[in-house]
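Okay, so here's the structure we're looking at.
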Amino acid sequence: MSFSRASLPVFSMLAVALCLSMAARAEAEDAKRIGVVNVSRVFGQYVKVKDVQQKMETLFDADRKAIEAQGNDLKKWEDRLKVDPRDPKTNVEFFKEIQKFDLAKLELDMKFRTLAEQVEKKRKDEMKGVLNDIKAAIRSVGTAEKFDLVLRAPEFDDEFDPAKAQPNQPNQNEPQSAAELVRKFRENPVLFFSAGVDVTQKVIDKLNGDYKKTTP
């Protein structure tokens with residue numbers, strides 16, 4: 001097979017066009033879709049988070065009130081001991097009462113620490129469930145939207161779009177110093193994103209929709 005000199009330029013142009021077409025196709029195939037999620041908004045609007053907070057407030061409420069009542073009684077007891085004219089160095093009964101008070105105070109402190117540990121353990125377990133829900137929802141929405149990667153969007157009020165950071169709480173995350181402002185800027189994994197890649201509301205809708213199905 002042979003080509004005339006006149007046909008060589010045409011052949012070269014076709015070859016270049018073919019190469020460009022293949023390169024464009026390869027580039028299109030390699031293009032990745034990236035989405036972002038504002039985790040702060042998700043926590044703020046996920047109904048289960050509010051339910052967990054209310055649950056934590058009521059779950060140990062009786063124990064907390066009992067400890068507070070004992071604390072008030074101990075305070076009154078301590079006030080009486082402070083004005084008692086007896087000398088514990090010469091009055092055995094008064095010395096025993098002081099020891100009894102110290103023991104009661106120690107036991108109450110132990111009760112308080114035990115309750116605090118129980119509350120923290122329960123809160124940790126509940127938050128694990130919330131985080132698992134959020135991760136699953138992000139994975140589900142990301143898959144449905146055909147994203148290859150989902151990043152955490154900026155969450156601080158002074159950055160990009162305050163309305164998306166914390167609705168109805170415009171000053172909650174306001175930096176208190178220049179150093180904190182710089183730190184928050186450096187910690188953000190995303191410095192710019194277009195509205196089309198923000199799937200925060202879809203994640204929130206997914207979470208609340210699924211949670212509603214599991215609650216009476």
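Only the coordinates and a few stated rules stand behind these numbers; no lab work does. Here the structure is a predicted model, which means the values were calculated and not measured. Here the Cβ positions follow ideal geometry from the backbone for every residue, glycine too, while neighbour counts run over all protein chains shown.
A cut-off of 5 Å between modelled amide H atoms, ignoring neighbours fewer than 5 places along the same chain, links ASP84 with no other residue. Neighbour counts of other Cβ atoms within 10 Å put VAL83, VAL49, VAL199 in the fewest-to-most order VAL83, VAL49, VAL199.
The 3J(HN,Hα) values that the Karplus relation (6.51, -1.76, 1.60; θ = phi - 60°) gives for region 36-44 are, in residue order, 10, 9, 8, 5, 4, 5, 4, 4, x Hz. Gly and Pro appear as x. Between the amide H of VAL36 and those of LEU151, ASP198, VAL199, distances stay under 5 Å, these residues lying 5 or more places away or on another chain, with hydrogens modeled in the peptide plane.
Using the basic label-point model (7 angstrom from Cα toward the beta carbon), what is the TRP77 to ASP210 distance in nanometres? Between TRP77 and ASP210, the label points sit 5.1 nm apart. Ignoring lysines fewer than eight residues from LYS82 along the same chain, the ones with Cα atoms less than 28 angstrom from its Cα are LYS65, LYS96, LYS100, LYS105, LYS111. Note on PHE192/LYS146: beta-carbon distance plugged into 1/(1 + (r/R0)^6) with R0 of 25 Å gives a FRET efficiency of 0.75.
Between VAL92 and LYS65, the FRET efficiency estimated from the beta carbon spacing at R0 = 45 angstrom works out to 0.80.
Residue-wise HN-Hα couplings along region 74-81, as the Karplus relation 6.51 cos²θ - 1.76 cosθ + 1.60 with θ = phi - 60° gives them from phi, are 5, 5, 5, 4, 4, 4, 5, 5 Hz; Gly and Pro carry x.
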